[in-house]
2 protein chains.
Amino acid sequence: MTPPTRKKPERRTSPLSREQIVEAAVDLLDTAGEGGLTFRALSERLATGPGAIYWHVAGKTELLAAATDHAVTVALATGSAGTAETAGTAGSAGMAGMAETAGTAGTAGRIHDVGLGLFDAIERHPWLAPQLTAQLSHHPASPVTTRLFEAIGRQVYALDVPPSSWFTATSALMHYILGAAGQNAANLVRARDLGPEADRGAYLGTVAEAWKQLSPEGYPFTRALADQGLAHDDRAQFVAGIDLIVAGITARPPAS
Amino acid sequence: MTPPTRKKPERRTSPLSREQIVEAAVDLLDTAGEGGLTFRALSERLATGPGAIYWHVAGKTELLAAATDHAVTVALATGSAGTAETAGTAGSAGMAGMAETAGTAGTAGRIHDVGLGLFDAIERHPWLAPQLTAQLSHHPASPVTTRLFEAIGRQVYALDVPPSSWFTATSALMHYILGAAGQNAANLVRARDLGPEADRGAYLGTVAEAWKQLSPEGYPFTRALADQGLAHDDRAQFVAGIDLIVAGITARPPAS
DNA sequence: ACCTGAACACCGTTCAAGT
DNA sequence: ACCTGAACACCGTTCAAGT
């Protein structure tokens, strides 16, 4: 724009910041998938050289951790505050509000909020679930991990069960939330690259079809499930799983 | 050994087989971790060139899938058959046999078997849990994925709950099993490279210590948990989580 | 203090050439 | 039919050199 056309792709004038880098990384991850985050691609998008990024970030591991932290922070914030907004965006959820099923009434609702906050975040950022479990594995005491655990644990605390079951309950909820939300996000991605007009339903139809071809002797259960027509992992299914676990948490332990 | 010493590291005489490759891959994964599986390292271990592997395996993705399939097959087989042996190896589990808590008596025990079969397999192969969830995400109808789902689903079927809850129940169990077992395996790895004399307990002490440093306002739950002294994810903890979910599955849905 | 960009080591994958 | 190994494209990371 200023002088004639230049050869080099225009370097940036304002200085880089760590925040800009992390946001660009999240963007790249969302757009191009896990494999798309590259120091070269990222530096191009930021109009710098690869080396510049290393001034603000130690390496790829740290960059990934920062991106994960960023996305989770947003999710946890809107998860407790902007519930109405989040639920409004729900789309074809339908029965997503079948709450108030177990425990102290309002508490179950708040568990749904935390869960759905993460569900939505993972849907927006399909790379988030694998990344979070990796974070959980490699740095169990990292800030993100701890924040996630605390957010879920508080809801367990509110269920008013004996402290001895806190850890088990929180673990069960956390692993389910991460796993089921991750599965849902992955299904969406697979549906998307099945074609622009195909939705999650079309993709799940594919899976059901494959299941119906299984041998009746080897796979009686899976076949029966396919026959019953699975409309699986959308929000209602997800919430049903949370409720199931909450029911298990609040169930009196059987008299021995 | 035969003529004098040769320069090139001795090529193999017998022909390669896909099975050999997969087994060597599992071995390399176990020994060197996820990052250690390399076509060059693998081909060296097999006394060939990198290109040779491509004759039997399409690429790294397929190789990883095959390794995962192999490990899961072994786990699921010994999970139903060699229960006694598996449980015997339990080590310091202590109360791992507190079974028979919910549902039809024997059924809970069989769920424990399947769960612990996977738990042990993931402990032996720490790369297995991430790999399985990846497989679940990218190829939900793949053989491994389906076999895993069927194995867990059958136990759900045996619980004799309405078919409408089959999917939710199986999902909850599967995600918990994969998540909790993966967490346990990761803890073991972290403990291992904390030093040769450090065990899981020592490592978890580290985590608890970090948790105690958290701010009381921001992290009341996590702190309370740390104070109560966590002896977490060993087999008993793992089984407790399964029982919690089973309790949720068999709990009568609350009268609406 | 912050950025540049060539260079290094290493990766998955391909493929002409061998047997 | 099966294997060899050099070559290609691409990656994360480093670092002397610039401003």
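Exactly one residue out of A:Leu204, A:Leu214, A:Leu194 is surrounded by fewer than 21 Cβ atoms within 10 Å (Cβ to Cβ), touching a His at 6+ places or on another chain (Cβ under 8 Å) and hydrophobic (A, V, I, L, M, F, W, C): that is A:Leu204.
Restricting attention to the stretch B:65-72, does a residue exist that is more than 8 Å from DNA strand C (Cβ to nearest atom), within 14 Å of chain A (Cβ to nearest Cβ) and either aromatic (Phe, Trp, Tyr) or under 18 Å from the mean Cα position of the chain (by Cα) (or both)? No, the stretch B:65-72 contains no residue that is more than 8 Å from DNA strand C (Cβ to nearest atom), within 14 Å of chain A (Cβ to nearest Cβ) and either aromatic (Phe, Trp, Tyr) or under 18 Å from the mean Cα position of the chain (by Cα) (or both). Within the stretch B:24-43, the only residue that satisfies the criterion of being within 15 Å of DNA strand D (Cβ to nearest atom), touching a residue at least 12 places away in the same chain (Cβ under 8 Å) and loosely packed, with under 14 Cβ neighbours inside 10 Å is B:Glu34. Filtering the stretch B:186-216 to residues that are among the acidic types (Asp, Glu) and farther than 19 Å from A:Ala134 by Cβ leaves B:Glu197, B:Asp199, B:Glu209. Among the residues making up the stretch A:15-47, those that are out of contact with any helix residue (DSSP H, G or I) (no Cβ under 9 Å at 6 or more places or on another chain) and within 8 Å of DNA strand C (Cβ to nearest atom) are A:Pro15, A:Ala47. Which of the residues that make up the stretch A:122-169 are among the basic types (Lys, Arg) and under 13 Å from the mean Cα position of the chain (by Cα)? Within the stretch A:122-169, A:Arg124 is the sole residue that qualifies. Here the condition is being out of contact with any strand residue (DSSP E or B) (no Cβ under 8 Å at 6 or more places or on another chain) and closer than 24 Å to B:Gly218 by Cβ; of A:Glu197, A:Glu150, it holds for A:Glu150 alone.
Matching residues to (1) outside any helix (DSSP H, G or I); (2) free of Cβ contacts under 8 Å to residues at least 60 places away in the same chain; (3) within 9 Å of another protein chain (Cβ to nearest Cβ):
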| residue | (1), (2), (3) |
| --- | --- |
| A:Tyr157 | no, yes, yes |
| A:Met174 | no, yes, yes |
| A:Ala186 | no, no, yes |
| A:Val189 | no, no, yes |
| A:Thr222 | no, yes, yes |
| A:Ala226 | no, yes, no |
| A:Gly229 | yes, yes, no |
| A:Leu244 | no, yes, yes |
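Any read-out appearing in this document is the output of simple, stated calculations on the displayed coordinates, not a laboratory observation. Here the structure is a predicted model, which is why all the values come from computation and not from measurement. Ideal geometry is used to build each Cβ from the backbone, glycine not excepted, and the neighbour counts take in all protein chains shown.
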